[in-house]
Amino acid sequence: MLEETDEKLRDTPSAVDAAAPQTGQGSAEGVADVQTSIERLERLFRDKLDRDDAKSRLLDAIFRRLEQLENDFVFREFRKPVAGDLLALLDRIRRMAQEEYLHEATCTAFESVAQEVLEILRRQGINRIEQTSTQLDESFQEVVSVDDSLECSEQGTVLRVVRDGFMYRDRVFRRQGVVVARGAGEGGNDGETNRH
């Protein structure tokens, strides 16, 4: 009886034998079908990754824009009015510090307060524009006066800054007020003298 069972087991194909590739025409078609299926799955996977990447980039752009709009709203509604008032205070402090009748210690105290106001503005993202050139740059400077008394070779040379200018991030918040030279050979008053 044991021998009969052994014979039946030998004659019955195992699951491993059934899964093994068959030789001949059928097995080549099976391999081609599997390869085609794998290629199709690979394309679907790549397409999904591309769509996910595009969605991710789009969401990042949307979130950046929302953050910018929120920052602009907060700046426009809250920081800008306060910063404008602080700049007016700063101008007044600077003018008072230049009064000749004040004691030196008082002028020093005014300048110290002015530096504190500048630091408050800086923490809000509002920075003083540093003058890097003697030539007028109307993108961040405003002519408040033209000086005829100095002989300069070039019209539009900035002689002095009479009001600090400020940037908020990459935008001009307040333009510098400058006095410029009329220039050699320029005569008369063209209406720009003491322009405000």
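The values are calculated or read from the model by the stated rules, or taken from the named source; none is laboratory data. Keep in mind the model is a prediction, meaning the values are calculated, not measured. Cβ atoms come from the backbone with ideal geometry, glycine included; neighbour counts cover every protein chain shown.
Looking at this structure, is SER56 within 60 Å of the chain's Cα centre (by Cα), small (Gly, Ala, Ser) and at pLDDT 85 or above?
no
Output the residues belonging to region 91-143 that are among the hydrophobic types (A, V, I, L, M, F, W, C) and closer than 28 Å to ARG76 by Cα.
ILE93, VAL113, ALA114, VAL117, LEU118, ILE120, LEU121, ILE126, ILE129, PHE140, VAL143
Please enumerate the residues belonging to region 92-119 that are closer than 19 Å to ARG175 by Cα and surrounded by 15 or more Cβ atoms within 10 Å (Cβ to Cβ).
ILE93, ARG94, ALA114, VAL117, LEU118
Can you tell which of GLU42, GLU29 is charged (D, E, K, R), surrounded by 10 or more Cβ atoms within 10 Å (Cβ to Cβ) and at pLDDT 85 or above?
Criteria check complete, one pass: GLU42.
Answer yes or no: is there a residue in region 45-60 that is closer than 30 Å to ASN127 by Cα, part of a helix (DSSP H, G or I) and of a type in the set (S, T, N, Q).
no
Restricting to region 108-156, name every residue that is among the β-branched types (Val, Ile, Thr) and under 32 Å from the mean Cα position of the chain (by Cα).
Across region 108-156, the qualifying residues are VAL113, VAL117, ILE120, ILE126, ILE129, THR132, THR134, VAL143, VAL144.
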